[in-house]
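Structure record follows, encoded as structure tokens.
The values are calculated or read from the model by the stated rules, or taken from the named source; none is laboratory data. Not measured: the values here are computed from a predicted model. Cβ coordinates were reconstructed from backbone atoms using ideal geometry, including for glycine residues, and neighbour counts include every protein chain displayed.
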Amino acid sequence: MKDCATVVLWLLKNPQVTGLFNLGTGEARSFKDLMLAVGAAQGRKVDLEYVDMPESIRDQYQYFTQADVTKLRRAGYEAPFASIEAGVRDYVLNYLVKPDPYR
């Protein structure tokens, strides 16, 4: 979440840069990486169980995704993006485990 805010602030300081930008690290990561990061952020061991992909959705499932940040980099944005581990840790510790002030 902080990375997106950083990009937005950069865009506000660079009004000559316009367009739609794909945001992400530019590095493909697995769902396993995500689950391990969530467990680590909570200080818990993750016990994953693998199941076969249901045949009914095998042909429609997106098995790979990776943000192409080339356009953003060409526009001049140079700051690094947080790793999945750092981003998940920030989200869990600063948002999920804190009491909701609106309840």
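Report yes if some residue within region 57-70 is among the acidic types (Asp, Glu) and not in a loop (DSSP other than H, G, I, E, B); otherwise report no. Taking every residue of region 57-70 in turn, none turns out to be among the acidic types (Asp, Glu) and not in a loop (DSSP other than H, G, I, E, B). Only one residue in GLU78, GLU49, GLU85 is charged (D, E, K, R) and closer than 18 Å to TRP10 by Cα, so which one is that? Answer to the selection: GLU78. The combined condition, being touching a Leu at 6+ places or on another chain (Cβ under 7 Å), without any contact (Cβ under 8 Å) to a residue 24 or more places away in the chain, not in a helix (DSSP H, G or I) and not aromatic (Phe, Trp, Tyr), is not fulfilled by VAL51. From the list ALA82, ALA37, ALA67, ALA75, the one residue that fits, being within 13 Å of the chain's Cα centre (by Cα), surrounded by 15 or more Cβ atoms within 10 Å (Cβ to Cβ) and modelled with pLDDT of 95 or more, is ALA37. Contact map, region 92-103: residues that are closer than 17 Å to ARG44 by Cβ paired with residues that are of a type in the set (Val, Ile, Thr), Cβ distance under 8 Å, separation 6+ or inter-chain. Pairs shown: VAL92/VAL38.
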